[in-house]
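Participant: Let me begin by handing over the structure; questions about it come next.
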Amino acid sequence: MRQELDYIDQETAEGLDLTDRVIKINRSAKVMKGGRRFGFSALVVLGDGKGTVGIGFGKAREVPPAVEKAVADARKHLVRVSLVGTTFPHATVAEFRSSRVKLLPAAPGTGLLAGAAVRAVLEAAGVRDALTKALGSKNPMNLAKATFEGLVSMRTKSDVAALRGVQI
């Protein structure tokens, strides 16, 4: 059940104070006649720390261009996520390929208990208090995308009430 994401347009993204963070840089090699030719891929998360987050992936022959492409890709895939204070509205388990991430809201002051890839996405979104558990594959790309899917799928009580057309 994959839903259509409501991406933020580029004009709105220009007005936001976005910070990027590199989650993973991967080096790959292609064997040619003269030796190995290296390529790099970068996974980057972009967010404003106030509920806007995006993930991007870029590939190039050197690291800086790969990171630039990943940031440009993340800027195209920015979405707004629902936050309640310093955490998210409810617990969820999100999947991407063979990785699963369990996301649990926590009381203020708990802090962010998460691994590197999950922590980067949650910090970029503005989550400061949460408990997480990575299950299945620990591939950073899949964990980051699963976390992103989990954040996007969350709804507050007011969001659900508006969708159903009822008063709470």
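Participant: Please find, among Lys59, Lys76, the residue that is in contact (Cβ under 8 Å) with a residue 60 or more places away in the chain and over 30 Å from Gly111 (Cβ atoms). Before you say what the answer is, go through the steps one by one.
Facilitator: Working: Lys59 fails: in contact (Cβ under 8 Å) with a residue 60 or more places away in the chain.
Answer to the selection: Lys76.
Participant: Moving to a separate point now. Of the residues that make up region 52-70, is at least one among the hydroxyl-bearing types (Ser, Thr, Tyr) and more than 11 Å from the chain's Cα centre (by Cα)? Can you show your working first?
Facilitator: So in region 52-70, the residues among the hydroxyl-bearing types (Ser, Thr, Tyr) come out as 52.
Those still in the list that are more than 11 Å from the chain's Cα centre (by Cα) too: none.
Taking every residue of region 52-70 in turn, none turns out to be among the hydroxyl-bearing types (Ser, Thr, Tyr) and more than 11 Å from the chain's Cα centre (by Cα).
Participant: Then there is this: Just give me the residues in region 29-56 being at pLDDT 95 or above and among the hydroxyl-bearing types (Ser, Thr, Tyr), in sequence order.
Facilitator: Result: Ser41, single match.
Participant: Shifting gears a bit: Among the residues of region 149-168, which ones are farther than 16 Å from Pro89 by Cβ and either aliphatic (A, V, I, L, M) or surrounded by 18 or more Cβ atoms within 10 Å (Cβ to Cβ) (or both)? If you could, list the steps in order and put the result at the bottom.
Facilitator: Going residue by residue through region 149-168, those that are farther than 16 Å from Pro89 by Cβ are 165-167.
Of everything in region 149-168, just one residue is farther than 16 Å from Pro89 by Cβ and either aliphatic (A, V, I, L, M) or surrounded by 18 or more Cβ atoms within 10 Å (Cβ to Cβ) (or both), namely Val166.
Participant: Among the numbered criteria (1) among the β-branched types (Val, Ile, Thr); (2) touching a helix residue (DSSP H, G or I) at 6+ places or on another chain (Cβ under 8 Å); (3) farther than 21 Å from Lys138 by Cβ, which one does Val84 miss?
Facilitator: Here Val84 meets the rest and fails (2).
Participant: Taking region 81-91 on its own, how many of its residues are in contact with a strand residue (DSSP E or B) (Cβ under 8 Å, 6 or more places away or on another chain) and either surrounded by fewer than 17 Cβ atoms within 10 Å (Cβ to Cβ) or among the aliphatic types (A, V, I, L, M) (or both)?
Facilitator: Looking only at region 81-91, we keep the residues that are in contact with a strand residue (DSSP E or B) (Cβ under 8 Å, 6 or more places away or on another chain), and these are 81, 84, 87-91.
From what's left, either surrounded by fewer than 17 Cβ atoms within 10 Å (Cβ to Cβ) or among the aliphatic types (A, V, I, L, M) (or both): 81, 84, 90-91.
Qualifying residue count, region 81-91: 4.
The values are calculated or read from the model by the stated rules, or taken from the named source; none is laboratory data. Please read these numbers as outputs of a predicted model, since none were measured by experiment. For neighbour counting, all protein chains shown are included, and Cβ atoms are generated from backbone atoms with ideal geometry for every residue, glycine included.
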